[in-house]
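The values are calculated or read from the model by the stated rules, or taken from the named source; none is laboratory data. Predicted model only: the values in this text are computed from it and were never measured. Heads up, the Cβs are rebuilt from the backbone with ideal geometry, glycines too, and the neighbour counts pull from every protein chain shown.
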Amino acid sequence: MYGNAAHAYRARQVQGATPVQQVAMLYDRAIASLREAIDAIEQGDIERRWRANNRAVEIISALMSGLDMEQGGEIAQNLKRLYTFLLRRLGQVDLKNDPQPAREAIDILDPLRQSWHQLSRTNGQPQQADSGDGAAGTLPQPQDGTHQPLNLAT
């Protein structure tokens, strides 16, 4: 009963979230799944470890498939390499029943998670520190009109 209520609550959260908030939620869920996998290893629960690690792998795969390689440029390329590395490392969690790759993945994902949450608090608009020139909160834009935001929703 409570599981269905929790699932419905999460579904409502995702439906009402902006794309930036949805990405932040994916990072939250991936990290929570990795922590669960670590706990399952420590408790000797192989099945729970597999389910939790598999959930993290699915989330990271979804993040990778959502990258817009054309518009994302170097950032998208770097994230793809990072996600590929993480997916390889997480295979070791199940293969060796080893929590260390999951811990490493958390260490890598957490700063990204924090950045996405910070971005969601600014309504998806990047902010820049005040440089003293009266242009606080603004970023320079390309002059040729080619600037397109990174599309992570696809």
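Taking (1) modelled with pLDDT of 95 or more; (2) of a type in the set (A, V, I, L, M, F, W, C); (3) over 14 Å from the mean Cα position of the chain (by Cα) in turn, ILE60 satisfies each apart from (3).
Condition check ((1) loosely packed, with under 14 Cβ neighbours inside 10 Å; (2) in a helix (DSSP H, G or I); (3) in contact with a helix residue (DSSP H, G or I) (Cβ under 9 Å, 6 or more places away or on another chain)) across all residues:
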| position | (1), (2), (3) |
| --- | --- |
| ILE31 | no, yes, yes |
| ALA37 | no, yes, yes |
| GLU42 | yes, yes, no |
| TRP50 | no, yes, yes |
| VAL57 | no, yes, yes |
| LEU67 | no, no, yes |
| ASP94 | no, yes, yes |
| LEU112 | no, yes, yes |
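Of the listed requirements (1) in contact with a helix residue (DSSP H, G or I) (Cβ under 6 Å, 6 or more places away or on another chain); (2) modelled with pLDDT of 95 or more, GLY124 misses just one: (2). Within segment 82-108, residues that are without any contact (Cβ under 8 Å) to a residue 40 or more places away in the chain sit with their Cβ atoms under 6 Å from residues that are surrounded by fewer than 17 Cβ atoms within 10 Å (Cβ to Cβ) and not in a helix (DSSP H, G or I), at 6+ positions apart or across chains, in these pairs: GLN92/ASP98. Report whether or not GLN71 is out of contact with any helix residue (DSSP H, G or I) (no Cβ under 7 Å at 6 or more places or on another chain), within 21 Å of ALA17 (Cβ to Cβ), among the polar types (S, T, N, Q) and not in a loop (DSSP other than H, G, I, E, B). When the stated conditions are applied, GLN71 does not pass them. Residue under question is ARG35, and the condition is that it be closer than 15 Å to LEU109 by Cβ and not polar (S, T, N, Q); does it hold? Judged against the criteria, ARG35 is a match. Only a single criterion out of (1) exposed (fewer than 14 other Cβ atoms within 10 Å of the Cβ); (2) free of Cβ contacts under 8 Å to residues at least 40 places away in the same chain; (3) of a type in the set (Val, Ile, Thr) is not satisfied by ILE75, namely (2).
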